[in-house]
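Peer 1: My questions will all concern the structure given below.
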Amino acid sequence: MEWVLNHDHAIERFFEEISWIPRETEHEEEISDYVMAFARERGLSCRRDAWWNVVVEKPASDGYEKAGPLILQAHMDMVCAKTPDSSHNFRTDPIELVLEGNVLRAKDTSLGADDGFGVAYMLAILDDKTLKHPALECVFTTQEEHKSMVGAELFDVSGLRGRRMIGLDGDGETVTYVASACSDQVRAKKRLEFVSASGTALCFEISKVTGSVIRGVTHQECANAVKMAARMLEGVIHAGYPFHLCQMKGGVGENRSPESCRVEMMCGTGDGEVIKAILAQEFGKMRTEFMGGEFGGELEFMQVKAPENMITEGITRDIVHFVYLLPNNLFQGDVKTGELVSVNTMGMAEVSGDTFQVVMSARSLTSSPEQEFVRHMQVLCQAFGFANDTSPRYRSWEYDQDSALRRLANQVYVENCGQGLREVTCPGGLEPSWFYVKIPGLDVIMLGPVHDNMHTVDEYMDMGSFHRVYGYLLKIMERMRD
């Protein structure tokens, strides 16, 4: 492939270079090797742990020797999403960048700006000998997109001297995260019973579903193909047509809204066309309801062979009712601020062997709404005969009323772009939470350019914002003389 970005700008050069390196979550060896080689080539102190986390240190600039060290942090891994017809192999193939005007995307895959921009920022800062800054401890973490942000969770902070930290995984240019949520993984399972298959086989697949991952989503099923399938099947039940599920599968990760879902079922002989019409009608309703008419998605009916067995009608109803009633996306919101308080992402659902399982990621700004969701799920599971269990994913980063770092960043933003930073509490988990709970008195903010649709093939980054935020970051560091 030819270079797409302007390599006269260090941040563009490094962003494109790392886009050529496989960095799927849990497979960060190559990108970790790249960062270690980068540091050694420049004579910078570096170290790596057993989880492939890398720390690169850069001495203070002249005149900044007495200033307290600054921790910069970003994660090297990315969520690997691709279109259904893409042959891209994330373990071997580079991300193919597509620049359209000022917007950067990837061809048929996620872009990896989450968190490639942060990695590119740190590499550019480490590479530039002309910058003014205190001593830097650049922490490149792994497995951020894993259940509990494994890299940050297991990272040994004892070697860090800094007590102020800028996380480079934000996404709003004039927005700074000032706190983040706690999260649990919630699993629900139901043992299946089968009978010999009879009737007419019917199969449909929902694919290429678009929509926000979390923020701004108010419709319970929006951007979640599994929830959409359940609503469609609920419409069939409501119309009085019996059927038996054989397969229902959607989603690839607990913290991602499923973009596709495949359902295989058996219906009564002669009912196939009527049921298909009901399913199509329900799908059509959602196309007009969700996201102000901007919703995208496809519904396809396919011919399949009838299986030997099918799930009993009673358990089929339990599964459909259960998924239909599952809270998804918004669970609680703040009426005054409009911010989300508690969110649940219904990430994966599958019939596997003799079990149907749903895996979810619950996130909350404080512990009580999170506990309320867990209790909600316990009641729902009991009602439909599901077993359930819960395990923690990450803990919260609490708001600091008197953050000197936040005041400094806000001052720089006012002077350079005419407005202060808007403070936001992230409804999801952020890696600084693990550093916050392990380093007493840590002062943290997060920065990032405008980029959106993370974790999806629609991910993009505004290149103008990419450059501006880097400029703000350099000015903030330049002010850190003490």
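The values are calculated or read from the model by the stated rules, or taken from the named source; none is laboratory data. Please read all numbers here as calculations on a predicted model, not as lab measurements. As a convention, Cβ positions derive from the backbone with ideal geometry for all residues, glycine included, and neighbour counts pool all protein chains shown. We work out accessible area using only protein heavy atoms, side chains counted, and drop any ligands, DNA or RNA first. Shrake-Rupley method; radii C 1.70, N 1.55, O 1.52, S 1.80 Å.
Peer 1: Only Cα pairs under 8 Å and at least 6 apart count here; give the relative contact order of the chain as a rounded whole percent.
Peer 2: 23
Peer 1: Also: Could you give the length gained by full extension between Lys208 and Leu44, i.e. 0.36 nm per residue of separation minus their alpha carbon distance, to one decimal place?
Peer 2: Computed gain between Lys208 and Leu44 is 54.6 nm.
Peer 1: Ignoring ligands, DNA and RNA, what percent of the accessible area of the stretch 1-157 is carbon or sulfur (1.4 Å)?
Peer 2: 46
Peer 1: From the helices alone, meaning DSSP H stretches of at least four residues, give me the mean residue ellipticity at 222 nm for the chain, per-run term -39500 (n - 2.57), in deg cm²/dmol to the nearest 500.
Peer 2: -9500 deg cm²/dmol
Peer 1: Which number do you get for Rg(Cα) / (2.2 N^0.38 Å) in the stretch 112-186?
Peer 2: The value comes to 1.25.
Peer 1: In whole Å, how far is the Cα centre of the stretch 159-191 from that of the stretch 44-77?
Peer 2: That distance is 20 Å.
Peer 1: On to the next question. In degrees from 0 to 90, rounded to the nearest 10, what is the angle of the helix 463-478 Cα long axis to the longest principal axis of the chain?
Peer 2: 40
Peer 1: Grab the alpha carbons of the stretch 5-138, take their convex hull, and tell me the volume per residue in Å³.
Peer 2: 111
Peer 1: Relative to the longest principal axis of the C-alpha atoms of the chain, give the angle of the C-alpha long axis of helix 29-41, reported between 0 and 90° and rounded to the nearest 10°.
Peer 2: In the chain, helix 29-41 runs at an angle near 10 degrees to the longest axis.
Peer 1: Net charge near Pro242: determine it from the other residues with C-beta under 11 Å of the C-beta of Pro242, scoring Lys and Arg +1 and Asp and Glu -1.
Peer 2: Local charge sum for Pro242: -1.
Peer 1: Compute the signed sum of charges (Lys and Arg +1, Asp and Glu -1) over the other residues within less than 12 Å, Cβ to Cβ, of Thr130.
Peer 2: -2
Peer 1: Now for a different question. Cα-Cα pairs above 14 Å in the stretch 25-91: how many percent?
Peer 2: The answer is 69 percent, as a whole percent.
Peer 1: Next question, about the same structure. What length, rounded to one decimal in nm, is gained on full extension from Glu415 through to Arg287, with 0.36 nm per residue of separation minus their alpha-carbon distance?
Peer 2: Full extension from Glu415 to Arg287 adds 41.6 nm.
Peer 1: Okay, next question. Just to confirm my numbers, what's the Cα centroid distance between the stretch 383-431 and the stretch 1-42 in Å?
Peer 2: Taking the Cα centre of the stretch 1-42 as reference, the centre of the stretch 383-431 is 28 Å away.
Peer 1: Sequence neighbours fewer than 8 away in the same chain don't count; with that in mind, list the lysines whose C-alpha is under 20 Å from Lys475.
Peer 2: Counting by Cα, and skipping residues close in sequence, Lys475 has these lysines nearby: Lys58, Lys66, Lys129, Lys132.
Peer 1: Okay, next question. Provide the gained length on full extension for the span Tyr241 to Ala387, in nm with one decimal, where the gain is 0.36 nm per separating residue minus the Cα-Cα distance.
Peer 2: Working it through step by step, the gained length comes to 49.8 nm.
Peer 1: If you take the beta carbon distance between Lys66 and Glu26 as r and set R0 to 56 Å, what does 1/(1 + (r/R0)^6) give as a FRET efficiency, to the nearest 0.05?
Peer 2: Given R0 = 56 Å and the Cβ-Cβ separation, E is 0.85.
Peer 1: Hey, another quick one. What distance in nm lies between label points placed 7 Å from Cα along the C-beta direction at Lys276 and Tyr399?
Peer 2: 5.4
Peer 1: Does a label point 7 Å from the Cα of Arg161, set along Cα-to-beta-carbon, have any residues of the stretch 51-74 with amide nitrogen under 18 Å, and which are they?
Peer 2: 55-73, by backbone N distance to the label point.
Peer 1: Hey, what angle do you get for helix 367-383 against the long axis of the chain, alpha-carbon based, 0 to 90 degrees rounded to 10?
Peer 2: Taking the Cα atoms of the chain, the angle to 367-383 is about 20 degrees.
Peer 1: Within a Cβ distance under 12 Å of Gln281, other residues only, what is the Lys/Arg minus Asp/Glu net charge?
Peer 2: Surrounding charge for Gln281 is +3.
Peer 1: Tell me the per residue accessible area of the chain using a 1.4 Å probe; a whole number in Å² is fine.
Peer 2: Accessible area per residue, the chain: 41 Å².
Peer 1: Once the convex hull of the C-alpha atoms of the chain is built, how many Å³ does it hold per residue, rounded to a whole number?
Peer 2: Hull volume over Cα atoms, normalised by residue count, gives 153 Å³.
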